[in-house]
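Following: one structure in structure tokens, then a few remarks.
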Amino acid sequence: MKLKIPRHISTIVPYPPGKPQDELEREYGVRNSIKLASNENPRSPSEAVLRAVSEALTKLNRYPDGSCFYLTTSLADKLGVSPSEIVVGNGSDDIIDCLVKAFVNEGEEVISSHPSFLMYTKCVQVRGGINRVVPMKEMHHDLDAIAAAVNEHTRLIFLDNPNNPTGSIIPLVDLSVFLSNVPEDVIVVLDEAYADFMDDEYRPDAGSLLRNTKGRAAVVFLRTFSKAYGIPGLRVGYGLMPEEVAVCLHKVRQPFNVNMLAQVAAVAALGDETSYQQMLDSTREGIEYLSGGLRKFGCVPYPTQTNFILVDVKCDADKLYDAMLYEGVIIRSMTSYGFSSCVRISVGLEEENIRCLNALEKCLGMMER
């Protein structure tokens, strides 16, 4: 077999997922491991979600609703937008890919930051586009440098807000100034995968930015049910965008891109406000607990508006990650992001947070700092 693989495909580095718990337990001989590496919701889906999924199982012999009518309508009612301003996808990754497919030709440019979500650059590379990656400045998006990188070939700008892995946000005043300087033919994508965890005063006004587009760039908001709503296994996310942008995405997306179970689960999750609020409260408590413990160990937890903490552990992050595996605790080393002394820790259940700190105290005692 002689394959002719395009260079822009052969040079792609596959996305590195977090280590599965089953794999850890097989390799290291540990039991009852905990995973605090992938920014997941540690709570199981609510009873409302489980019930909705169970009731839908008898309908699996039919295709899902290609328009996601009930989910789109529920989102529109909850968010105060029009259904025509919503596109639902197989996770927000799907919306990212659709944006690149719809608006980026081979050789055209997309700007993102480093570090940020790796799928931005991967989707662009797959389509033969050119990535312009701007280093972050003091753990924040360098909006001045990003604005300076825009040229006649720029089609999209991706900004994750809050950022992963730093947990930092874009101040609203800075965002407003930035958007006023972006050309009208460039789309600014605000990836708000962690927006549910943000304090209200830091959130951009999506409705205003979607509609007040005269004389400035279009803004697209990406959101997901994988974090706050705790159903990443079903893969469902969505984008809020001007109707003209949404029309283009509907042209390039797969006809049944969101499965039936994902749709009914997401509708049920949206209606379960009690479980949602409990999750937010427990996450804030977990952030406070973990941050306090980490400071006692001489570590530096960075401020966060997410369900995870970026931590400077003042030692080799890879070695600490390996040591934690022997304790049955999976965290994420940030060496691949350029932070060789940092790890990222997701908030877990109360007992998981306690176990994590106990394991960290033991493992940090074995490190050279």
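Please treat every number below as a calculation from the coordinates, not as lab data. Keep in mind that this is a model prediction, so the values were computed, not measured. Cβ atoms come from the backbone with ideal geometry, glycine included; neighbour counts cover every protein chain shown.
Odds and ends about this structure:
- Theoretical gain in end-to-end length, SER208 to ALA148 [0.36 nm per residue, Cα-Cα removed]: 19.1 nm
- Segment ARG51-GLN21, length gained on full extension (0.36 nm per residue, minus Cα span): 8.2 nm
- Residue-count net charge about PRO162 - beta-carbon cut-off 10 Å; Lys, Arg +1, Asp, Glu -1: -3
- Fewest-first ranking of ARG211, ARG7, ARG355, using other Cβ atoms within 10 Å as the exposure measure: ARG7, ARG211, ARG355
- Difference of contour (0.36 nm per residue) and Cα-Cα distance, ASP174 to MET366: 64.9 nm
- Mean-position separation - Cα centroids, segment 87-108 and segment 274-311, in angstrom: 32 Å
- Taking 7 Å steps out from each Cα toward its Cβ at HIS114 and GLU351 produces label points 4.3 nm apart.
- LYS4 paired with VAL247, simple spin-label distance in nm, labels 7 Å along Cα-to-beta-carbon: 3.8 nm
- Listed residues VAL133, VAL30, VAL264, most fluctuating in the chain (Gaussian network, C-alpha, under 10 Å): VAL30
- Bridging of LYS122 to lysines at a Cα separation below 18 Å is possible for LYS101, once same-chain residues fewer than 8 apart are set aside.
- Gaussian network model of the chain, springs between alpha carbon atoms under 10 Å - residue of THR335, THR224, THR166 with greatest fluctuation: THR335
- Classification of segment 159-198 by its C-alpha gyration tensor yields a prolate form. The axis ratio a/c (a ≥ b ≥ c) is 1.5 or more, and a/b outweighs b/c.
- Note on segment 46-72 and segment 158-207: Cα centroid distance 32 Å, given to the nearest whole angstrom.
- Applying the Kirkwood pairwise sum to the alpha-carbon positions of segment 63-271 produces a hydrodynamic radius of 17.1 angstrom.
- When each of SER341, SER38, SER226, SER10 is scored by the number of other beta-carbon atoms lying within 10 Å, the sequence from fewest to most is SER10, SER38, SER341, SER226.
- Taking a straight line from the alpha carbon of LYS4, these aspartates and glutamates sit under 19 Å away, with near neighbours fewer than eight places off in the same chain left out: GLU106.
- Local electrostatic count, LEU209, Cβ distance below 15 Å [Lys/Arg +1, Asp/Glu -1]: -3
- Cα-centre dipole for segment 63-271 with unit charges at Cβ (Lys and Arg positive, Asp and Glu negative), debye to 20: 480 debye
- Taking Cβ atoms as reference points and 9 Å as the exclusive limit, the residues near ASP196 contribute a net charge of +1, counting Lys and Arg as +1 and Asp and Glu as -1.
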